[in-house]
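One structure is given below, encoded as C-alpha cells.
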Amino acid sequence: MTNVFYFRLNFWIYFKTITFILTFFNEISITMWREKDNKLYKAFTFKDFSDAFSFMCRVALLAEKSNHHPTWTNTWNKVEIWLNTHDAGDIVTDKDRKLAEGIDKLV
C-alpha cells in the first residue's frame, strides 16, 4: 500500500508541475507581442466593452503623441492591435516596439 501511495503522490506532483509549466508558458505567449508578416500583433481582452473602449482611448492619445498610429479592431471586450511603420516600407521598426511597450503600460 505504501508504494501505491507514493506512486500516486509522485504522479500528482508531476501532473501539477507540468500543468503549471504549460499554463505559465501559455500565458506568456498570450501576453507577448508577436511579430508576423512584418507586423507586431497583440490581442487584449477586457471585462466589458467599456473597459476595452477606455483602453482604446488611452492608446489613441499615446499614438497621437508619438505620431504613430496602429491598425486595430474592437469587438465587444476584445481589442486587437497591429503595428508596423508605413514610412519605412511597412516593416517593424523601433518606433513600433516603443509604441508596443507604451501600450503595455496602459493595461
- List the lysines whose Cα lies under 21 Å from the Cα of Lys47, skipping any in the same chain that are fewer than 8 positions away. Lys78, Lys105
- Query: Looking at this model, which pairs from Lys42/Lys65; Lys39/Lys95; Lys36/Lys65; Lys65/Lys95; Lys39/Lys65 are more than 19 angstrom apart at the alpha-carbon?
  - Reply: Lys42/Lys65; Lys36/Lys65; Lys39/Lys65
- Tail fraction, Cα-Cα pairs, the range 57-96, threshold 16 Å, whole percent: 38 percent
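FYI, it's all coordinate maths here, none of it is from the lab. Model, not experiment: these values are computed from the prediction.
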